[in-house]
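K.L.:
Sharing a structure with you now.
The values are calculated or read from the model by the stated rules, or taken from the named source; none is laboratory data. Predicted model, so just to flag it, every value in this text is computed and none were measured. Please note: Cβ atoms are built from the backbone with ideal geometry, for glycine as well, and neighbour counts cover all protein chains shown.
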Amino acid sequence: MNYRHAFHAGNHADCLKHALLLLLLGALRRKEAPFAVLDTHAGRGLYDLSASEAARTGEAARGALRLADLRDGPLLPFIEALRAQGFPARYPGSPMLIRAALRPGDRLLCCELHPEDHAALRALFARDPQVAVHRRDAWEAIRALTPFPEKRGLVLMDPPFEQEEEFARLVAAIAGLNRRFRAAIVAAWYPVKHRAPVRDFHDALRASGLRDVLAAEMWLREPTDPRRLNGSGLLVVNPPFGFAAAAADVLAALTRALASEPGAGSAVTTVVPE
């Protein structure tokens, strides 16, 4: 519970996660039936990029702020979604982006355990009947709050990876959720520091019995130094039709905009076929 996203808001990992999140939300909106979204590690929802936390790390300056003047291309829907929430002065977290995509009848459930961030998130949505904010453990909440009565929707998992067993917990949570709620789209963010842990993660997913799993990754440099966040990925279970191609275009554009070191790249790969 020590992790504070204010230091990292708008970094390259946020750009990947949120640009791809918007693709998934767009797919859900294409059908008329209502849907729900569970954001398991929601943070405070909105971040001031002029605050001392952002200035101290400079991660937003090397991430989303490099895209601030964008006017066309595959990243434009992402940047327009940020601008609608006050970017570049502020950076919206996933709860704000999800809320903006909801239609009447859709719902957002947010979980945040850190007391200060939970209070900020609760205040942000205090009078919003379509948003429920919980202060509870993410892994417990996944079991308690799914399946959705709507029978369709998205579960976004974004753990801080402060503990060594986080990959194993993620596999268990995804597999358990899929057994209870087969129709759910699951999107899980993960770090790419070194290739070996990511290979083990994908192997564990294959062994779990899951089907129809994609991994969309971007790395700013060759992922060989386990001490650095060299890139990140979004694992997607039950990806919507067309997601892989759209994600590949988005990540290629993001890599061109943010990466300048040798070995940079992106890929969308099948972890487990349908």
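K.L.:
Enumerate the pairs (first residue in the range 153-178 and under 19 Å from V192 (Cβ atoms); second residue anywhere and basic (K, R) and surrounded by 20 or more Cβ atoms within 10 Å (Cβ to Cβ)) with beta-carbon separation below 8 Å, excluding pairs fewer than 6 apart on the same chain, so at least 6 apart or on different chains.
P.N.:
Here the result reads D158/K17, each pair linking the range 153-178 to a residue that is basic (K, R) and surrounded by 20 or more Cβ atoms within 10 Å (Cβ to Cβ).
K.L.:
Going through A60, A55 one at a time, which residue ends up being over 27 Å from F241 (Cβ atoms), touching a Gly at 6+ places or on another chain (Cβ under 8 Å) and not basic (K, R)?
P.N.:
A60
K.L.:
If you check L205 against the conditions, is it in a loop (DSSP other than H, G, I, E, B), over 24 Å from L67 (Cα atoms) and of a type in the set (A, V, I, L, M, F, W, C)?
P.N.:
When the stated conditions are applied, L205 does not pass them.
K.L.:
Suppose we filter the range 177-199 for residues that are farther than 29 Å from L28 by Cα and surrounded by 13 or more Cβ atoms within 10 Å (Cβ to Cβ); how many remain?
P.N.:
Selection size over the range 177-199: 4.
K.L.:
If a residue has to be in contact with a strand residue (DSSP E or B) (Cβ under 7 Å, 6 or more places away or on another chain) and of a type in the set (D, E) to count, how many in the range 152-167 make the cut?
P.N.:
Adding up the residues that qualify gives 1.
K.L.:
Of (1) touching a Lys or Arg at 6+ places or on another chain (Cβ under 6 Å); (2) more than 26 Å from H118 (Cα to Cα); (3) of a type in the set (F, W, Y), W189 satisfies all except one. Which?
P.N.:
The failed condition is (2).
K.L.:
Kindly indicate which of F148, F167 is more than 21 Å from P115 (Cβ to Cβ) and either in contact with a Leu (Cβ under 9 Å, 6 or more places away or on another chain) or among the acidic types (D, E) (or both).
P.N.:
Sole residue among the options that is more than 21 Å from P115 (Cβ to Cβ) and either in contact with a Leu (Cβ under 9 Å, 6 or more places away or on another chain) or among the acidic types (D, E) (or both): F148.
Yes or no, residue by residue, for (1) modelled with pLDDT of 95 or more; (2) under 15 Å from the mean Cα position of the chain (by Cα); (3) assigned to a helix (DSSP H, G or I):
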site	(1), (2), (3)
S232	yes, yes, no
F241	yes, no, no
A246	yes, no, yes
D249	yes, no, yes
A253	yes, no, yes
P262	no, no, no
A267	yes, no, no
T270	yes, no, no
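K.L.:
With A126, A89 as the choices, which residue is surrounded by fewer than 20 Cβ atoms within 10 Å (Cβ to Cβ), of a type in the set (A, V, I, L, M) and touching a strand residue (DSSP E or B) at 6+ places or on another chain (Cβ under 8 Å)?
P.N.:
A89
K.L.:
Another one. Please give the number of the condition D225 fails out of (1) farther than 23 Å from T40 by Cβ; (2) crowded, with 22+ Cβ neighbours inside 10 Å; (3) out of contact with any helix residue (DSSP H, G or I) (no Cβ under 6 Å at 6 or more places or on another chain).
P.N.:
Every condition holds for D225 apart from (2).
K.L.:
Still on this structure: Which condition number does F161 fail, the rest of (1) at positive phi; (2) in a strand (DSSP E or B) being met?
P.N.:
Status for F161: all satisfied but (2).
K.L.:
For the range 232-254, state whether one or more residues are surrounded by fewer than 14 Cβ atoms within 10 Å (Cβ to Cβ), polar (S, T, N, Q) and touching a helix residue (DSSP H, G or I) at 6+ places or on another chain (Cβ under 9 Å).
P.N.:
No, the range 232-254 contains no residue that is surrounded by fewer than 14 Cβ atoms within 10 Å (Cβ to Cβ), polar (S, T, N, Q) and touching a helix residue (DSSP H, G or I) at 6+ places or on another chain (Cβ under 9 Å).
K.L.:
Keeping to the range 136-146, report how many residues are surrounded by fewer than 16 Cβ atoms within 10 Å (Cβ to Cβ) and out of contact with any strand residue (DSSP E or B) (no Cβ under 6 Å at 6 or more places or on another chain).
P.N.:
Total meeting the criteria: 4.
K.L.:
Kindly indicate whether any position in the range 207-214 is under 29 Å from F35 (Cα atoms), in contact (Cβ under 8 Å) with a residue 60 or more places away in the chain and crowded, with 22+ Cβ neighbours inside 10 Å.
P.N.:
no
K.L.:
Residues that are buried (at least 21 other Cβ atoms within 10 Å of the Cβ) and either on the phi > 0 side of the Ramachandran plot or among the aromatic types (F, W, Y) (or both), at least 3 per element: which helices (runs of 4 or more DSSP H) completely within the range 1-86 meet that?
P.N.:
Those helices (runs of 4 or more DSSP H) do not exist here; none qualify.
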